Amino acid sequence: MNVLLGITGAIACYKVCTLVRLMKGAGWNVRIVATDRALDFVGEITWRTLSQNPVERSAFAESSDWHPRHIEMADWCDVFVVAPLSANTMAKLANGLADNLLTQTALACTKPLLLAPSMNTHMWQHPATQANAATLMARGAKMLTPAEGDLACGVTGTGRLPEPEELFAQIQAFCTND
Ligand SMILES: Cc1cc2nc3c(=O)[nH]c(=O)nc-3n(C[C@H](O)[C@H](O)[C@H](O)COP(=O)(O)O)c2cc1C
């Protein structure tokens, strides 16, 4: 299983360290494409080491490979998972923007897309976010429902990224049913 894991700038980025460990433990090949903001939350070296692959962040980085990185990654993966998915990147995906390597790759990717949004309750419930989620689901993306509970921002409500074990189970179910 070749999993391309997109990571965006949400506080739940720390949970993705364990998620990557679980994916690797299952024998999956994991490559990470992270936004710049995601790398403000967790350092590149952590995800590089856990995934045993370079962390991709720019289509314009030096490379010995002539293939455009977003096309190469879109072709390589069996599934594209974005976890956590920020409200900002969700809006970009819903509108077809391609202003960073993650969004460029999503636009170029024809493989199954699984999205795990994670954000403050009011951000999640905002009509703009709900409309973006509906647009993406109507286009065939699988959207995981954020969990309820205490959020890092101090609010209690919907918006949590599921715990890594639960998230992994949901991704695994999606990949094996596909
Ligand atoms: C401490 C902190 C926590 C944040 N947590 C979230 C979050 O959980 N979900 C979210 O959608 N945005 C969150 N944001 C806002 C995003 O980081 C911001 O919208 C950013 O532009 C997202 O960029 P990206 O989508 O390119 O990764 C947070 C910002 C800060 C400063």
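No lab work stands behind these numbers, since they all come straight from the coordinates. Note that the structure is predicted; figures quoted are calculated from it, not measured. As a convention, Cβ positions derive from the backbone with ideal geometry for all residues, glycine included, and neighbour counts pool all protein chains shown.
Points worth noting:
- Rounded Å value of the spacing that divides the Cα centres of the range 53-109 and the range 138-159: 22
- Between 0 and 90°, nearest 10: helix 164-177 axis offset from the chain longest Cα axis: 70
- Least to most buried among THR110, THR145 (fewest other Cβ within 10 Å first): THR110, THR145
- 0 to 90° range, to nearest 10: angle between helix 127-138 axis and the chain longest Cα axis: 50
- Global form of the range 74-178, assessed from the alpha-carbon gyration tensor, a/c cut-off 1.5: oblate
- The label-point distance for GLU163 and THR145, in a model that sets each label 7 Å from Cα toward Cβ, rounds to 1.9 nm.
- Across the options ASN88, ALA26, ALA138, the greatest Cα extent toward the positive end of the charge dipole of the chain (unit charges at beta carbon of Lys, Arg, Asp, Glu) belongs to ALA138.
- Residues whose amide H lies under 5 Å from that of LEU85, counting only those 5 or more places away or on a different chain, are ALA116, SER118; hydrogens are built 1.01 Å from N in the peptide plane.
- Build a GNM of the chain with springs between Cα atoms under 10 Å apart, and of GLY140, GLY154, GLY25 the one that fluctuates most is GLY154.
- Lys/Arg +1, Asp/Glu -1 at C-beta; the chain dipole; positive extreme among THR8, VAL42, THR110: THR110
- Neighbour counts of other Cβ atoms within 10 Å put PHE174, PHE41 in the fewest-to-most order PHE174, PHE41.
- Gyration tensor (alpha-carbon) shape descriptor, the range 1-87, a/c threshold 1.5: oblate
- Charges were assigned to the Cβ only: +1 to each Lys and Arg, -1 to each Asp and Glu. The resulting dipole of the range 2-177 about its Cα centre is roughly 180 debye.
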